[in-house]
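What follows draws every value from the coordinates through simple rules; no lab data is involved. Because the structure is predicted, anything quoted here is derived from the model rather than measured. Reconstructed Cβ throughout: ideal geometry from the backbone, glycine too, with neighbour counts over all protein chains shown.
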């Protein structure tokens, strides 16, 4: 788990302080303990010397009972465990405890070991060498101080004593002091030292937390907030922090320099993007204009193919009208219309009316197809568009010996589309089908409409049983200016324009074909128009 820098810094510094204060506390405690022990040793030495001084005269006068009484009185004081006296041979001559009356000592035992240890007998000892720790018969720890009793001239020359002058040490005085008070004092010192160390560590930790947050955490938080503003592309606001320091100032300066350069770079990028968008928009308008010209060119090419068929379709009814009008002229005489010929005249007039209406319908369909109006989408009857478009090329279909079969769904919903462009799509598909079956001397062209399985798209299918499309050309037929027709028979724009129209209507066009097996073109158009801006003319 990642932790904040301030937490790591506080924990690290606090641990360092704890270790250092613990070491110094231990050293301080050890020093105080040694000082206390040294103080007690000096006190024991002074007490031992005081006893020897107090009993000196009594011992000189050989008044041992007085000397023993003095030592007994002193032993009754608090803190004194016992006082013992040994002669030069290590024999116990006096003890303030009765249980020591029959005890004996060897020169190798306490307290004789201070002088009679390993090596030569030592006559002069330091205070530390004369002190030792032991335990009383009651089990209490004691500090024992051994004080040699030297054979002074006043003693060796006295008439009452039999200590020759060559004997340097007459014996030793062993004073045992209880160390219970020292143990209590040590416990008190340990507690005070531990408490003082803990309080110091706590105060230092509080100071570390305060100053770390004041000089590290707050500036870093402000710096992080500034960098987040930069990452959010708020480049107009400089990064500023409080509680500044030399390192933080350099870091802030670096970030502000980066922010300024980033703002400059973003300004250049925005300018470049705006320029690029303007160029893309310009190119898009040019492509739209080129597409419209391409549509118009294909429409003109289709009109050229329609010319012969339309001329023939108009010629037939006009010839009929001419013949019928001549028959009417024969029926009508100069003076009057014979009554018996009136029904026949009406019949001819009705035929003239039907043929002229047929001519008008053909011309109207041709004008609707050729009129170059602004593309406009509206709900249109796809079945009616199929029938009206096919009627324009009936003559060409008859010349190609093509048989048209319809399979139009009667209740097909209206399709949102540009009717004129859809006529162009239907015309291209039907004429291509007619051309595909012409080399075989005729064939069948099936036109079907229906809904897809999801009921959200109208489907237009134009199928022929003509010569088909080679497999290697299937992925190229919608490419502009690609054609497999002989020179002069086509420029390769029909299917490319068809594909563009269907794509603009959010539809799809698919083709299935194999050589010699005919082709099937399937066009799907959505029943709900997509929300897109209206195309320009």
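For the pair residue 240 and residue 456, the difference between a 0.36 nm per residue extended length and the Cα-Cα distance amounts to 71.8 nm. For the pair residue 357 and residue 281, label points projected 7 Å from Cα toward Cβ lie 5.4 nm apart. When only alpha carbons are used to place a centre, the range 171-239 and the range 1-61 end up 23 Å from one another. In this label model, residue 56 and residue 15 are separated by 6.3 nm, measuring between points 7 Å along each Cα→Cβ vector.
Computed from the C-beta positions of residue 206 and residue 185 and an R0 of 25 Å, the FRET efficiency is 0.20 to the nearest 0.05.
Taking only the Cα atoms of the range 1-52, the ratio Rg/Rh comes out at 1.53, with Rh defined as the Kirkwood radius.
Distance between the pseudo-spin-label points of residue 378 and residue 265 (7 Å out from Cα toward the beta carbon): 5.6 nm. Listed by Cβ neighbour count within 10 Å, with the fewest neighbours leading, 388, 12 appear as 12, 388. Our summary gives the range 377-537 a relative contact order of 23 percent, counting only alpha carbon pairs under 8 angstrom and 6 or more residues apart. Given R₀ = 56 Å, FRET efficiency for residue 69-residue 214 by Cβ-Cβ distance, to 0.05? For residue 69 and residue 214, the calculated efficiency is 0.15. By other beta-carbon atoms within 10 Å, ranking 279, 288 with the fewest at the front produces 279, 288. Here the residues 191, 215, ranked from fewest to most Cβ neighbours within 10 Å of their Cβ, fall in the order 191, 215.
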